[in-house]
Structures are given as C-alpha cells and as structure tokens.
Amino acid sequence: MQAREWQFDGLVGPTHNYAGLAMGNLAAAQNAGAPSNPRLAALQGLQKMRFVRNLGVPQAFLPPHYRPRLSELTRLGFTGDVATILSTAAKEAPGLLASVYSSSFMWAANAATVTPATDTHNNCLHLTPANLVSHYHRSIETEFSKKLLQNIFHNDKLFSIHNALPSTDEFGDEGAANHMRICSENNSIGTHIFVYGKSHEKTIKSLLMPARQKLLASESVSRLHGIKREHCLYLKQSPAAIDQGVFHNDVIAMNTTNLMIVHAEAFVPEHQEELRKMAATRPGFLYREIRSQELSVADAVATYLFNSQLLALEGGRYALVAPAECAQHAGARAVIERLVEEGVLHEVHYLDVRESMRNGGGPACLRLRIVLNPEQEEAMHPGVILTDETYDLLEQWVTTHYRDRLTFDDLRDPQLVEELNRAYLALEPIVGMAGLYPDARGTGARARDAAATAGQNNRL
Ligand code: SUG
C-alpha cells in the first residue's frame, strides 16, 4: 500500500477570539476587538474536516491547547486567585491576557515541520515543533504541540520528534506554513522547498512588516531531519509581498505532490527564477505561476486564494478546497476557473471558514500535512482520526461547551475559566487521552472528580 498524505486539522478552541495580536497579518489587525463566535468557528472547522474526508482524503485532528494559560500569567508575576489574576491582567496588561486566551494553535500548519520517512536519514517520520518566537501568543503553543505529537506518534522506531529550535529571533520557525514538498507520489523521495523571510546575512534590508521565518531555522530543521542537501531548495520571500500581508508562504503559494501554483511575485526575483528553472527540468512536475495581471498580491491576500487546500485525489485528480471569499471575488474566481479550463484542477469546492479567515487563517492554515506509510498509520494514536463517530462526538461537545460570542470583557470572567475546564475534561475521553489537560483539574474539577469517585464507591 502507498503512503498517504493525512490532513491533521487544528480543532478550534473554545476561546477563539479577535485580539489583533499578529503583526503583518492584515485580517487579524482589521478585526481586532470584534466579537468572535467560537462555536461557529469550531463547527466550520469540523465541517471542513468532514468535507475533505468525504473527498477520500485521510483526515485527523489535533485537540485544542488548554486556555487560558494562567501559568504564564503567574510566571509573569501576577498573583492571587483566578479572579484576581484575570482582573489585574485585564487592567495592567490586556495584551497579555488576550495572548494567554488565544486559540492560535488552531492554525496547525504552524505547529511543526514534517518530513516523511522516505526522505530522512533513518527512515523515520521526523517532526520538529515550531518555536513561533515571532509572537508571544504563538510561542506558548510549542510545548503542548510537542506533547500532542508525542502522544499521537508514540513509537521511537517509526517517529522522531525533535525539540523546537532555540527560542530566539535568529531561529524564528513557523513550521510547515513555509515548507513545500514536491514528489511524484507520496512514496517517492521528495524535494523540499524551504521558504524564509530573513537570512543570516550581515546586511538585512528593513521591512515594514516582520519577516517571521529565518533561514537559519529552515537549514537547522532540514539538518535535524536528515534531508540530503541536494533535495533542498531555499527560497527567500519577496519583502514587498511580506509588506502586503504575506506573513507566511502559504498565503502566496500552494502545492501537493507534483503540482505547484504560486504567485509570480512570491519570492525575490533571483529565487523565483531558480524555482522556474527547477520546474522546467523536473519530469512530471506541473508548475503554474499566477501573474499580477491575473491577481495582484493584495487581492491574493484579501481572498486567500493560495491558502486553499490543494489535494491530490485518487486517479490523479487535483481538488481545490478554497475559502468562500474566493467565490465572491471576480478576479480570484476567474483564476480558479482558468485553472480548471487548463486542466490543472479537476474539482473546486468553496467552503466557509469565515471565523478563522477573520484572524488571517484559511483552509490550508488550519491543517498540518503528514505523509504516513501503512505501518505508521497503524501505529498512530487512533483517537485523533476523524470518523463518523468522532465527528458526531466532537460536534456534540462543541455545541454543549462553546459560547457563541466572546469579547475581551469576557476574558476577565472567572466563570469562563470554570466553563472551559469542564469542556477540556469532557474532551479527554473523546480523544482517548486521559490526563491531557492537567490545568483543567482546578479546584472545582478536583472536587467534582472526588464526588464522582465517591459516587462510584458508594455504588460498589
Ligand atoms: O500567526 N493569527 C495567526 C494566523 C496564522 C495563519 N497560518 C498560516 N498562514 N499558516 C498568525 O498570524 C491572530 C490572533 C489574534 O490576533 O487574536 C493570529 O495569531
């Protein structure tokens, strides 16, 4: 049996909100302070997962991280009971409070960089959790992402899970959102394209917006994963594109197996040329550039066309799962229709992930691609696979526990923390990971556990 590319979607957390925390991310800045709807966001995410699964693509999910990370607030000097910590932080450091509540882990494309076993020195699947040091609210994802990956891929012979790179700006690593793998089929050895915004050159041109991914990080990940140097290409993002809102490469380029669709102004000219040359000489590689006359970089960012999920289906068919915003934009729609006419794409589906889009995350941001061979599929933790049964349980769980409106004012409410603790504890048995959320076992939860145990003992 062939290796298959799985889609691991981040399950949107119950604290999804719009806090304007992400520099260079235009949608997030525009929606800062708007009320969010965590329930709708999670249901939209789940519906996308089910849709993709129904296309015949293997689908799994990454459980949400525990929020709020009160341990971060105590680490930063806030003291007292939960209510005091929340109200003091809301007054003295509102940005910090919003950060420890952020559901940004939902954009699983930033969780890690992945290299399939075929391409590595020891025939293991390699995963390096991203350090996400460009933003505090994202940097606090790393530890739990690693724990999740270890829980899911728990077999040293098949999986190598690395530590994140050093937590300093020179090693800024945003994971798979800046990485593309080209291969004739999932089983064959791939070529890896690492995209970075800043290199370790002495003279760095200043940018309006921050360049998040550093070359030093990309090179280190490829070394750690044991990818042969001749199978790697390092491309530098165009600073002008970053300034227009291309904060990750997956906002301006997309690929799967032997197909790549990329904007003609994604990279600095010499690297764009290098990519073209590689495309011209690589047998079977289908490379399509979208010129600015077809769609400007600004419109690419506004519609997130390149953040569609490009999926290789059975029978050599390519499907595009695009954000609904593309259907409503004449230019983006025309590009997609042309790609269908040209035979590049065989089917197109427009999906509504609007709650995520408003924070700068489209269909591709919401998922991490992991190529697994049959032995690895067999070995991974089954509780995270999306089946009809888990879909129903997750939908029910979201409907029961998620609020349909969240604003900054809600974040100082200790009742919300109690509510969230109940939600996280109820998720553990659904994913089959007992004790996944120790922080949710606050005083209230411990009392309930004790009462439940006493109840069981009485019945015995
Ligand atoms: O890092 N937004 C995320 C969006 C990440 C999208 N991922 C990919 N392109 N792969 C970010 O900018 C917004 C949070 C806020 O402002 O509340 C945020 O973190």
Here is a list of conditions, (1) touching a strand residue (DSSP E or B) at 6+ places or on another chain (Cβ under 9 Å); (2) part of a loop (DSSP other than H, G, I, E, B); (3) of a type in the set (Phe, Trp, Tyr), and residue 247 meets all of them except one; can you say which number that is?
-> (1)
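Conditions (1) out of contact with any Leu (no Cβ under 6 Å at 6 or more places or on another chain); (2) basic (Lys, Arg); (3) surrounded by fewer than 20 Cβ atoms within 10 Å (Cβ to Cβ), marked per residue:
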residue: 338; (1), (2), (3): yes, yes, yes
residue: 360; (1), (2), (3): yes, no, no
residue: 404; (1), (2), (3): yes, no, yes
residue: 428; (1), (2), (3): no, no, yes
residue: 442; (1), (2), (3): yes, no, yes
When residues of the stretch 30-43 are limited to those that are crowded, with 21+ Cβ neighbours inside 10 Å and more than 13 Å from the ligand (Cβ to nearest atom), the one farthest from the chain's Cα centre (by Cα) | 39
Yes/no for residue 13 being in a loop (DSSP other than H, G, I, E, B) and either closer than 24 Å to residue 248 by Cβ or within 16 Å of the ligand (Cβ to nearest atom) (or both) = yes
Only residues that are surrounded by fewer than 17 Cβ atoms within 10 Å (Cβ to Cβ) and either in a helix (DSSP H, G or I) or touching a helix residue (DSSP H, G or I) at 6+ places or on another chain (Cβ under 7 Å) (or both): list them for the stretch 168-187, please.
-> 169, 170, 187
Matching residues in the stretch 352-400 - criterion: being outside any helix (DSSP H, G or I), more than 16 Å from the ligand (Cβ to nearest atom) and farther than 30 Å from residue 422 by Cα = 371, 372, 373
Which one of these is within 16 Å of the ligand (Cβ to nearest atom) and either surrounded by fewer than 21 Cβ atoms within 10 Å (Cβ to Cβ) or in a helix (DSSP H, G or I) (or both): 19, 27?
-> 27
Those residues that are over 16 Å from residue 192 (Cα atoms) and surrounded by fewer than 20 Cβ atoms within 10 Å (Cβ to Cβ), I need them from the stretch 248-282; list them, please.
-> 264, 268, 269, 270, 273, 280
Does the stretch 111-126 include one or more residues that are among the charged types (D, E, K, R) and more than 16 Å from the ligand (Cβ to nearest atom)?
-> yes
In the stretch 209-250, which residue that is β-branched (Val, Ile, Thr) and out of contact with any helix residue (DSSP H, G or I) (no Cβ under 6 Å at 6 or more places or on another chain) is farthest from residue 298 (Cα to Cα)?
-> 221
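For residue 425, are the conditions met, namely being farther than 20 Å from residue 53 by Cβ and touching a helix residue (DSSP H, G or I) at 6+ places or on another chain (Cβ under 6 Å)?
When the stated conditions are applied, residue 425 passes them.
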Note: among 61, 51, 78, 8, just one is more than 12 Å from the ligand (Cβ to nearest atom), over 30 Å from residue 194 (Cα atoms) and either at pLDDT 95 or above or surrounded by fewer than 17 Cβ atoms within 10 Å (Cβ to Cβ) (or both), namely 78
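In the stretch 127-166, what residues are of a type in the set (Asp, Glu), more than 16 Å from the ligand (Cβ to nearest atom) and over 18 Å from residue 375 (Cα atoms)?
143
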Counting only residues that are in contact with a helix residue (DSSP H, G or I) (Cβ under 9 Å, 6 or more places away or on another chain), touching a residue at least 12 places away in the same chain (Cβ under 8 Å) and within 16 Å of the ligand (Cβ to nearest atom), give me the strands (runs of 3 or more DSSP E) lying completely in the stretch 256-329 with at least 2 of them.
-> 259-263, 317-323
Could you give me the residue pairs with C-beta distances under 7 Å whose first residue belongs to the stretch 157-176 and is farther than 9 Å from residue 129 by Cβ, whose second residue is in a strand (DSSP E or B) and of a type in the set (Lys, Arg) wherever it lies, and which are 6+ apart or on separate chains?
-> 170/214; 171/214; 172/214; 176/369
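Return the residues of the stretch 90-100 that are within 16 Å of the ligand (Cβ to nearest atom) and either aliphatic (A, V, I, L, M) or more than 10 Å from residue 68 (Cα to Cα) (or both); say none if nothing qualifies.
90, 93, 94, 95, 96, 97, 98, 100
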Would you mind stating whether residue 72 is within 16 Å of the ligand (Cβ to nearest atom), surrounded by fewer than 20 Cβ atoms within 10 Å (Cβ to Cβ) and within 22 Å of residue 416 (Cβ to Cβ)?
-> yes
Across (1) out of contact with any Cys (no Cβ under 7 Å at 6 or more places or on another chain); (2) at pLDDT 95 or above; (3) within 16 Å of the ligand (Cβ to nearest atom); (4) not polar (S, T, N, Q), residue 169 clears everything bar (2)
Could you run through the stretch 143-156 and say how many residues are closer than 26 Å to residue 256 by Cα and touching a residue at least 12 places away in the same chain (Cβ under 8 Å)?
-> 6
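The values are calculated or read from the model by the stated rules, or taken from the named source; none is laboratory data. It should be emphasised that the depicted structure is a prediction, and the values quoted were computed from it without experimental measurement. Here Cβ is always computed from backbone atoms with ideal geometry, including for glycine, and neighbour counts include all displayed protein chains.
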